[in-house]
Amino acid sequence: MQLSKKILPIIVISQFFCTSLWFAGNGVMSSLVTTYKLPENALSLLTSAVQFGFIAGTLTFALFTIADRFSPSKVFFISALLGALFNIGFILENQTIFSLISLRFFTGFFLAGIYPVGMKIATDYYQKGLGKSLGFLVGALVLGTASPHLLKDLFINSSWKSVLITTSTLAVLGGSLMFAFVKDGPFRKSSTTLDISICFTVFKNVNFRKAAFGYFGHMWELYTFWAFVPVLLLTYQNLHPEINFNISLFSFIIIASGSISCVLGGYVSQKFGVKKTAFSFLLLSCICCISAPIILQFANKPLFIIFLLFWGMVVIADSPLFSTLIAQNAPSKDKGTALTIVNSIGFLITIISIQIIGGFINLTDSTIVFSILAIGPILGLMSLKQTKILNTSFTK
């Protein structure tokens, strides 16, 4: 148990460093648009490119059961190095929208060997308290995702390329830490054969399927919200010209606030159970989606920031809970593949959501657009309500 306690901080730090690659392009988006004269829809295109790359990566990793057949730490390390390489490619001169999309795609592809594989490593070390461990892990993902916005603010007097260089350096460091200090976990069950059918057979388990569907509803909202936090802040400024924000700094704070709720969610679920806690957070997040157009109309800066901070917390708090339910209802030897295929489908949903919201934002000035995010949580709540998943706690 002492070994497990020492391993978790290393996994969390590695995950934080490596997932900084995720929104690195978003953190410097305004500079990219100006430097390379990108089209108005560059935000949704580049964000979706990462998501699509992640989908392609997770499908590849899942179909070939890579995380179950090979050492997860080595997979994580190699993926971190390659992800960092494609991320830093942004600093090369004479980029086009096509080359930037390609670089973001391959960055996303190798993130598939970081995020779900990091969760797989955690499941190999923790059977008791798995959900609490995943709470810390997803919290690290949130901080990593938010970090490019903070880096942009810190490097405001430097070249935007500093953000890309820093995130790639962090990714290399994170991968190296995992490779050097985290060996195969004591609860790892290696799969020695290639079995593509696993990607489909895991969904025959009703509890697994319902947990996955709840996660899919959550994913419809999550990354689209994160991608458009700067847009929400800018929209509010346009509606109320007397109010100004440091958009980069507030974007970081709003997204990063979710790291706190991921950890707190683990402790809350000890009292109320995983399923009930996940349901409650998803419901609160759904209410935020519906309320956003109304809140945007009030010229009250503190109220708006508090609302976005609350939304930033509840939108992600259920993520480690869903991952726990999914892992608990998957066969031990196939957990890596099960988590990866569910991630793959979930991120496919994020592309659809991002493109729909981005398209409507370009077509209309109506703030009702943001309520479309509620579709996913509503469907996810319906799935959780119908299932008989045991209301287990993190301590079991």
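The values are calculated or read from the model by the stated rules, or taken from the named source; none is laboratory data. All of these numbers come straight from a predicted model, not from anything done at the bench. Methodologically, a virtual Cβ is constructed for each residue, glycine included, from the backbone with ideal geometry; neighbour enumeration extends over all protein chains shown.
Where residues in segment 221-254 are touching a Pro at 6+ places or on another chain (Cβ under 7 Å) and either in contact (Cβ under 8 Å) with a residue 40 or more places away in the chain or buried (at least 21 other Cβ atoms within 10 Å of the Cβ) (or both), which of them is farthest from residue 305 (Cα to Cα)?
221
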(message) Looking only at segment 264-288, filter to residues that are surrounded by fewer than 16 Cβ atoms within 10 Å (Cβ to Cβ) and at pLDDT below 90; which one of those is farthest from residue 319 (Cα to Cα)?
(response) 271
(message) Condition check: over 24 Å from residue 149 (Cα atoms), surrounded by fewer than 24 Cβ atoms within 10 Å (Cβ to Cβ) and free of Cβ contacts under 8 Å to residues at least 24 places away in the same chain. Does residue 295 satisfy that?
(response) no
(message) Restricting to segment 321-339, and then to whatever is modelled with pLDDT under 75 and assigned to a helix (DSSP H, G or I), can you tell me which residue is surrounded by the most Cβ atoms within 10 Å (Cβ to Cβ)?
(response) 336
(request) Could you tell me which of the residues 136, 110, 105, 155 is aromatic (Phe, Trp, Tyr) and crowded, with 24+ Cβ neighbours inside 10 Å? (result) 110
(request) Give segment 306-320 a look and list any residue that's touching a residue at least 60 places away in the same chain (Cβ under 8 Å), part of a helix (DSSP H, G or I) and either on the phi > 0 side of the Ramachandran plot or within 13 Å of the chain's Cα centre (by Cα) (or both), or say none. (result) 312, 315, 316, 319, 320
(request) Run residue 282 past the list (1) in contact with a Leu (Cβ under 8 Å, 6 or more places away or on another chain); (2) under 19 Å from residue 144 (Cα atoms); (3) hydrophobic (A, V, I, L, M, F, W, C) and report the number of the one that doesn't hold. (result) (2)
(request) Could you look through segment 79-101, keep only residues that are more than 17 Å from residue 160 (Cα to Cα) and without any contact (Cβ under 8 Å) to a residue 24 or more places away in the chain, and pick out the one that is surrounded by the fewest Cβ atoms within 10 Å (Cβ to Cβ)? (result) 98
(message) Can you pull out every residue in segment 25-53 that is touching a Pro at 6+ places or on another chain (Cβ under 9 Å) and under 17 Å from residue 223 (Cβ atoms)?
(response) 25, 26, 27, 29, 43, 45
(request) Would you check which residues across segment 333-364 are within 13 Å of residue 67 (Cα to Cα) and out of contact with any Phe, Trp or Tyr (no Cβ under 6 Å at 6 or more places or on another chain) and list them? (result) 333, 334, 335, 336, 337, 338, 339, 341
(message) Based on this model, can you work out whether residue 303 counts as over 23 Å from residue 57 (Cβ atoms) and free of Cβ contacts under 8 Å to residues at least 24 places away in the same chain?
(response) yes
(request) Quick one: which residue in 291, 280 is farther than 16 Å from residue 370 by Cα and among the hydroxyl-bearing types (Ser, Thr, Tyr)? (result) 280
(message) One residue is enough: does segment 142-155 have a residue meeting the conditions at pLDDT below 85, within 20 Å of residue 317 (Cα to Cα) and either of a type outside the set (Val, Ile, Thr) or within 21 Å of the chain's Cα centre (by Cα) (or both)?
(response) yes
(request) For residue 196, work out the one condition from (1) closer than 24 Å to residue 328 by Cβ; (2) surrounded by 15 or more Cβ atoms within 10 Å (Cβ to Cβ); (3) at pLDDT below 90 it doesn't fulfil. (result) (2)
(request) Could you check residue 311 against (1) surrounded by 24 or more Cβ atoms within 10 Å (Cβ to Cβ); (2) within 22 Å of residue 209 (Cα to Cα) and say which number it fails? (result) (2)
(request) Have a look at 90, 61, 54 and point out the one that is of a type outside the set (A, V, I, L, M) and farther than 16 Å from residue 343 by Cβ. (result) 90
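Quick one: which helices (runs of 4 or more DSSP H) sit completely within segment 1-105 and have at least 3 residues that are at pLDDT below 90 and closer than 24 Å to residue 155 by Cβ?
24-27, 29-36, 42-63
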(request) Scan segment 12-34 and report the pairs whose first residue is within 14 Å of residue 142 (Cβ to Cβ) and whose second residue is not in a helix (DSSP H, G or I), with Cβ atoms within less than 7 Å and a gap of 6+ or a chain change. (result) 18/114; 19/114
(request) Taking residue 133 as the residue in question, decide whether it is part of a helix (DSSP H, G or I), in contact with a helix residue (DSSP H, G or I) (Cβ under 9 Å, 6 or more places away or on another chain), closer than 15 Å to residue 258 by Cα and small (Gly, Ala, Ser). (result) no
